[in-house]
1. For A:A350, are the conditions met, namely being under 17 Å from A:P475 (Cβ atoms) and among the small types (G, A, S)?
2. Can you confirm whether A:L302 is away from chain B (no Cβ under 14 Å), assigned to a helix (DSSP H, G or I) and hydrophobic (A, V, I, L, M, F, W, C)?
3. Go through the stretch B:1-25 and count every residue that is farther than 30 Å from A:P87 by Cβ and exposed (fewer than 10 other Cβ atoms within 10 Å of the Cβ).
4. Being modelled with pLDDT of 95 or more and within 9 Å of the ligand (Cβ to nearest atom) is the requirement here; does A:V40 meet it?
5. What's the number of the only condition in (1) in contact with a Gly (Cβ under 7 Å, 6 or more places away or on another chain); (2) among the basic types (K, R); (3) within 17 Å of A:L159 (Cβ to Cβ) that A:K132 fails to meet?
6. Could we say that A:L45 is within 25 Å of B:D86 (Cβ to Cβ), within 7 Å of another protein chain (Cβ to nearest Cβ) and either touching a strand residue (DSSP E or B) at 6+ places or on another chain (Cβ under 9 Å) or crowded, with 16+ Cβ neighbours inside 10 Å (or both) here?
7. Every residue in the stretch A:149-183 that is within 14 Å of chain B (Cβ to nearest Cβ) and assigned to a strand (DSSP E or B), please.
Amino acid sequence: MRKPNTPVIGLEIHVQMKTGSKLFCACSTDYIGAVPNTNVCPVCLGLPGTLPVVNRKAVEYAVRTGLALGSRIGLSTRFHRKNYFYPDLPKAYQISQYDVPLAVGGHLPIGEEQDRKWIRITRLHLEEDAGKLVHSARDGRLGNSEYSLVDYNRGGVPLMEIVSEPELATPSEARDFVSRLRQLVRFLGVSDGDMEKGSLRVDANISLTGPDGELGTKVEVKNMNSLRALERALEYEIARQQECLGRGERILQETRHWDDGKGVTCGTRGKEEAHDYRYFPDPDLPPLVLSRDFVEEQRRLLPELPWDLKERFVREHRLSIEDASVLTELPGIAKYYEKCIREGANPLRAANWIRTEVMRVLNEKRISIEAFALSPEKFCGLLARIETGAVSTTLAKELFEKMVDENLSVDEALKKAGSPSGKVTGDDLRKMVNLVLERERLTVEEIQTGKDAKGKKRSFLCGLVMRESKGQADPGEVRKILAEILDR
Amino acid sequence: MPIGKDEILRIARLGRLFVSEEEVGPLQRHLNGILEHFERLKRLDLEGIDPFALEEEATGFLREDAVSAWAGREEVLQQAPNREGDFFRVPRILEENEEEVSPDERR
Ligand SMILES: [Zn+2]
């Protein structure tokens, strides 16, 4: 039983799926930046006499997500009409799923290892997105608009609505849940999961338990466009409800909007009729019947799930949980890292370099890893040189910049690093080696008395010479000279 | 339970339909007729019958995810009661609890 005054949070998440066409017609889903009302047709404009036909890919994506969540996939489900009157909905109903959703049950893990919590999923269903309203008031406020402008480009874009059980106890757990779900849909390749762009939208239900631990009145909070906003909105709402109850007031069952600028939630006045959606089965659509083969095919297409991948990185590559979390946040980064491992990179060094240098460049250039020019092969060439000591870390960072900017291999970058005349070789190099050995007498002695079975100390000396030469020496020549002197 | 006048008016309001005083009576009779028919259907013994039994054969056809553009958008925009450039223009959105506008004013 819950303790009194405990927050109880449930989430409803709408995820736009990355299909090319809409859920029930062949119009493009690519609406961002498109000229208003260009991706429209008689079906998604709700013109009479048209019939919706379900997009196979949208069903595949939703089934794949359901399977990844461990939900039971319904082999025979149906579409309902959710009726409400609003200009962003040209048919005056949204095609959705009601009493027989595509997937039921399942769970999503939040938290790390020892305090891992599996949050249960209530359901997952398919529905269509609505159009967009642009308000014409000079101050842009809804209430002061003279009229509204409607763009139906987004209307009919496939959504899956995923509902969690009210099992989240804190705003940070809610945030974790959304970020894990976002990670999942990205790994599955079914959505870009971008909250700012609106391809992943979160509504939260929140209540506080009463004196005997019984569930309190639910308040719905909407309009949170980032993980940070979600967390802040819930924190605000918990404090507001606690204050309300502290003053002996009742909590009103209502929908409140998060105002990110002001940092408050605002009530939308009296909505007693708003929830009368008069659902009924859509007679235009036959039941959605899937074969077991269809579902099994989707199961076969599931990639390694992000939380499993993270655990494997920790186990196999001895990464810290933090390193593994960062590397598995985006599928592209995880793939890049794994390619580096296959190229023979030292797992810790590769993790470090990707977390710091590679991700810094991605941030600076505002690009994704998919657009990152430097191949894992070339990148690993650099890591290997650091490993052998042929290149110092400082020099490596310089070389890395060059390699990224001009897509060079490490050798090409080394060549470019200095003019050929600046190359240190022959007697100059020999002098430099002697200088280094002079400073590192202890190491030399250790090598000469056989305390360097793995050759690590030799590599260390080689690295020091390379650093001394500012990378202008040839590591092979350095090793040769070192051998001549040390094995004399 | 037959539908009363209030229920008729509520349904009309939800659908943003204007129903005059004279229309309430006939609508009430009409809708109650439909409901009576469903009451009769409800009395049938359907124990053990799959509600989807007759639909299985007409299972849904799934469309491949192919994009094609439609050429008629200009025509539709032109026929809209109001347009503004590339947009459909609609009356300002009512805040809850605000006064209802009559159907004629909405145009
Ligand atoms: Zn369309």
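1. No: the conditions fail for A:A350.
2. In short, no.
3. Of the residues in the stretch B:1-25, 1 are farther than 30 Å from A:P87 by Cβ and exposed (fewer than 10 other Cβ atoms within 10 Å of the Cβ).
4. yes
5. All conditions are met except number (1).
6. yes
7. Within the stretch A:149-183, A:L149, A:V150, A:D151, A:P158 meet the criteria.
Matching residues to (1) over 25 Å from the mean Cα position of the chain (by Cα); (2) at positive phi; (3) of a type outside the set (V, I, T); (4) within 13 Å of the ligand (Cβ to nearest atom):
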site: A:P7; (1), (2), (3), (4): yes, no, yes, no
site: A:V35; (1), (2), (3), (4): yes, no, no, no
site: A:P52; (1), (2), (3), (4): yes, no, yes, yes
site: A:R64; (1), (2), (3), (4): no, no, yes, no
site: A:L69; (1), (2), (3), (4): no, no, yes, no
site: A:F79; (1), (2), (3), (4): yes, no, yes, no
site: A:K91; (1), (2), (3), (4): yes, no, yes, yes
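The values are calculated or read from the model by the stated rules, or taken from the named source; none is laboratory data. All values reported here derive from a predicted model rather than from experimental measurement. Quick reminder, even Gly has a Cβ in these numbers, built from the backbone with ideal geometry, and neighbours come from all protein chains shown.
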